[in-house]
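What follows is a single structure, written as structure tokens, with notes after it.
Readers should treat all values here as calculations from the given coordinates under stated rules, not as data from a laboratory. Every value quoted in this text rests on a predicted model; they were computed, and no experiment measured them. Cβ sites come from the backbone with ideal geometry, for glycine too, and all protein chains shown count toward neighbours.
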Amino acid sequence: MGENVKQFEKEFAEYIGVKHAVSVGNGTDALIIALKALGIGHGDEVITTPFSFFATSEAISYVGAKPVFVDVERESYNLDPEKIEQAITENTKAILPVHIFGRSCKIDRILEIAKKHNLYVVEDAAQAAGCEYKGKKIGSFGDLACFSFFPTKNLGCYGDGGMITTNNPKLEKVVRALRAHGSGENGQHAYNILNNIEEEVEKDEGDNTVYNPKKYYNYLIGQNSRLDEIQAAILRVKLKHLDSWNEKRIEISEKYTDSIKNHGIRCPLKANGKEMIYHLYVLEADDREKAINILREKGISTGVYYPVPLNMQKVYIGSENFENPLKVADFLSKRTFAIPLFPELTVEEISYIIETMQEV
Ligand SMILES: *Cc1c(COP(=O)(O)O)cnc(C)c1O
């Protein structure tokens, strides 16, 4: 947590268009810390999507709350806002939408519902660094938003990394405290905020390189979730290229969509501007097994995102009402798969992939 971490937090906040960005160890920690900062735990319910990476619902379960799964939209694969209200109970504390595959969800509608029912919104923006909704960056809408810098993401470091963004200065203090054992000046600030105490907090001038007694005063049960200085240094360089890489992803993806003409395959819906930044290029095949096997024979790798909806994961089966399949998520989980997509794909590789997709 040296100079590069401090600078990267500033640069990332500026890029997203929020007041605060707090770096953490990875995207899963970002979700866990965000939920903890909102005081979400045992007895609480959080509404989320069944069509995501496991960390989304895992974080909810990890803090002791119950994930309540609401089905996704057929075309966007994102949480269906029109199905949220029927899932709200007196225990609901938050909505946790994901911008899946880099496509912004209908976040304005979700914020409206949250406001009406007095719920928090935590965005899972792990796949959506640089994505926009109606001209505003994803990560600037919710009470808190969570990013991952795992190497496969659109903005990836060389190991694990994550970030939480917010415009709320109190939540920022609590998040800062939770990521580092609830200690020191941030810990004291957070403690006072959470307990409605008004008192001057002595400025911590401690330098991390010398003995700093404040570091050993703990005010909250937090965790160790730091972004390494070397990852921050790499991310500072890569952030400058993110927009152009996302543009390249959009360009290649739209070429795929325009060129792949195959009645057994459905390409993803095109979007306006940066409302879809194609973290992955995910299409649907009626016979996915066959499609994947043919592509493998031709030397083209694929990935299945996601084969098991979160509500159908083994760990949740058997616990209250989780095993009822949600229709759209269930349908998608049997058909979707991704073909290669990254900004450095060559013209020859793109043509080869398109030609092969016609034969599938
Ligand atoms: C990658 C990812 C995460 C978790 O991020 P890590 O950095 O791997 O912990 C959470 N949610 C979604 C949607 C993701 O894609």
request  = Considering only lysines 8 or more places apart in sequence, or on different chains, count the pairs in the range 146-279 whose C-alpha atoms sit under 22 Å apart.
outcome  = 24
request  = For residue 19, go through the aspartates and glutamates and keep the ones whose alpha-carbon is under 20 Å away, minus same-chain ones fewer than eight residues off.
outcome  = 3, 9, 11, 108, 123, 124, 132, 143, 172, 185
Magnitude of the charge dipole, the range 132-244, Cβ model with Lys/Arg +1 and Asp/Glu -1, debye to 20 = 580
message = Using a Förster radius of 30 Å, what is the FRET efficiency between residue 342 and residue 313 based on their Cβ-Cβ separation? Nearest 0.05, please.
response = 0.60
note = Filtering chymotrypsin sites (Phe, Trp or Tyr not before Pro) in the range 50-129 by DSSP loop and by at most 15 other Cβ atoms within 10 Å leaves 54
task = Quick one: plug the Kirkwood hydrodynamic radius of the range 11-76 (C-alpha pairs) into Stokes-Einstein at 37 °C, 0.692 mPa s, and report D in µm²/s.
result = 248
inquiry  = Show me the trypsin sites (Lys or Arg not before Pro) within the range 269-320 that DSSP assigns to loop and that have at most 11 other Cβ atoms within 10 Å of their Cβ.
reply    = 314
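Arrange 104, 225 by Cβ neighbour counts within 10 Å, fewest through most, would you? List each step's numbers first, then the result.
Values: 104 28, 225 23.
Ascending number of Cβ neighbours within 10 Å: 225, 104.
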request  = Positive end of the charge dipole of the chain (Lys, Arg +1 and Asp, Glu -1 on Cβ, about the Cα centre): tell me which of 315, 332, 354 has its Cα farthest that way.
outcome  = 354
query = With the chain treated as a Gaussian network of Cα nodes joined by springs under 10 Å, which of 277, 197, 252 yields the largest mean-square fluctuation?
reply = 197
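Based only on Cα atoms, what Rg/Rh ratio does the chain have, Rh being taken as Kirkwood's radius? Each step should come with its number before you reach the end.
Numbers: Rg = 21.1 Å, Rh = 21.3 Å.
My calculation of the ratio gives 0.99.
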remark   = At the level of C-alpha centres, the distance separating the range 101-160 and the range 338-360, in angstrom, is 28
ask   = What does the charge add up to near residue 256, with Lys and Arg as +1, Asp and Glu as -1, over the other residues with Cβ less than 14 Å from its Cβ?
value = 0
ask   = In the neighborhood of residue 53, defined by Cβ-to-Cβ distances under 15 Å, what is the net charge if each Lys or Arg adds +1 and each Asp or Glu adds -1?
value = -3
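So which GluC sites (Glu not before Pro) in the range 73-128 are both in a DSSP loop and have at most 14 other Cβ atoms within 10 Å of their Cβ?
Numbers: sites: 73, 75, 82, 85, 90, 112, 123; in loops: 73, 75, 90.
Sparse-neighbourhood loop GluC sites (Glu not before Pro): 75, 90.
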Neighbourhood charge, 10 Å Cβ-Cβ cut-off, centred on residue 81 and excluding it, Lys, Arg +1 and Asp, Glu -1 = -3
